[in-house]
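Structure first, then comments.
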Amino acid sequence: MAGTATKVDQEARGHAKKDSQMADVWRRFKRNKSAVAGMIVLTIILLLVIFASAFYDYEADAIQQNVYERLKHPFTEGHLLGTDDLGRDLAARLLHGGRRSLIISFVSVGISVIAGSILGAVAGYYGGLIDNVIMRCIDVLMAIPMTMLAIVIVAALGANIPNMIIALSISQIPSFARVMRGQVLTVRGTEYIEAARAIGTNDASIIAEHIVPNVLSPIIVQVAIRAATAITNTATLSFLGLGVSAPTPEWGAMLSSGRNYIRDHSYLTFIPGLAMMFTILSLNLLGDGLRDALDPRLR
């Protein structure tokens, strides 16, 4: 009974310590006004694109063409942001296209952070030949600019959404792998890792339970920053005709189709460009705020 009570007390103290650390991180994050503003803007954008169907019907407003309503300027005849060259409501295409852009970007970042973290953790923990092989492959990928690598992969596999996600994921794996490897190298020789080895804990458990939870802070920051980069690369691929195909709305594709009318109907490019700008800016502000809040040197 005494042993059970002691274990319960230790677990309670552990939970209390974690809660205290999270409260400390949140307190420091709240002091960064720009980061809070970025979080609020990003939340609003996410809510708008997630619930886009509550405002506009996808088929009727974002897809169906109406040449009699083409190139209507914003705030005219019931169209908040106007219509495009085929008479489709621009606000509807902006919200539904934003949902698609963000899904592609966030899914690709999710895949790359998992794959990159695994590769980086294995390379940093084992070192030697395994480290050399993994990191030389990562160096090869890093030798090619991220956007160029994504373009090459999509051009080889074909222009569609699954291939876009594959291309963006592969192009972002090196950054997560290098960050994770660097963090693992700093903790693999610490006392609590040596203690875990001494009691016979296997390598997979040590990496998953003892190393990764203690090096997540820079990975979280990297996720926010790379999500912004993924949005830019998603739009770039669609702008070049290597991403989402017509008539499916997507921010990059909207920029590409609107450039033909930029002289007389600049809102066709200005509005989706502005949506991208605010989304990327909010992610960068959020990433900077998380970096400062999670940095132990600032505690």
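Odds and ends about this structure:
- Filtered residues of region 204-235 (kept if charged (D, E, K, R) and surrounded by 13 or more Cβ atoms within 10 Å (Cβ to Cβ)): 226
- Residues in region 106-133 that are within 19 Å of the chain's Cα centre (by Cα) and small (Gly, Ala, Ser): 108, 110, 112, 115, 116, 117, 120.
- For region 6-27, the criterion of being assigned to a helix (DSSP H, G or I), modelled with pLDDT under 90, within 28 Å of residue 161 (Cβ to Cβ) and among the hydrophobic types (A, V, I, L, M, F, W, C) is met by none of the residues.
- A single entry from 101, 117, 112, 108 fulfils the requirement of being in contact (Cβ under 8 Å) with a residue 40 or more places away in the chain, under 18 Å from residue 270 (Cα atoms) and polar (S, T, N, Q): 101.
- Taking region 31-133 and the helices (runs of 4 or more DSSP H) fully enclosed by it, the elements with 2 or more residues that are over 30 Å from residue 294 (Cα atoms) are at 52-55, 90-126.
- Between 85, 89, 57, the distinction of being of a type outside the set (Phe, Trp, Tyr) and touching a strand residue (DSSP E or B) at 6+ places or on another chain (Cβ under 7 Å) belongs to 89 only.
- Of the numbered criteria (1) outside any loop (DSSP other than H, G, I, E, B); (2) at pLDDT below 80, the one residue 260 fails is (2).
- Being buried (at least 24 other Cβ atoms within 10 Å of the Cβ), of a type outside the set (A, V, I, L, M, F, W, C), closer than 11 Å to residue 94 by Cα and in contact with a helix residue (DSSP H, G or I) (Cβ under 6 Å, 6 or more places away or on another chain) is not true of residue 243.
- Across region 246-299, the number of residues qualifying as over 20 Å from the mean Cα position of the chain (by Cα), within 30 Å of residue 28 (Cβ to Cβ) and either crowded, with 23+ Cβ neighbours inside 10 Å or of a type in the set (A, V, I, L, M) (or both) comes to 1.
The values are calculated or read from the model by the stated rules, or taken from the named source; none is laboratory data. Because the structure is predicted, anything quoted here is derived from the model rather than measured. Virtual Cβ from ideal backbone geometry, glycine too; neighbours counted across all protein chains shown.
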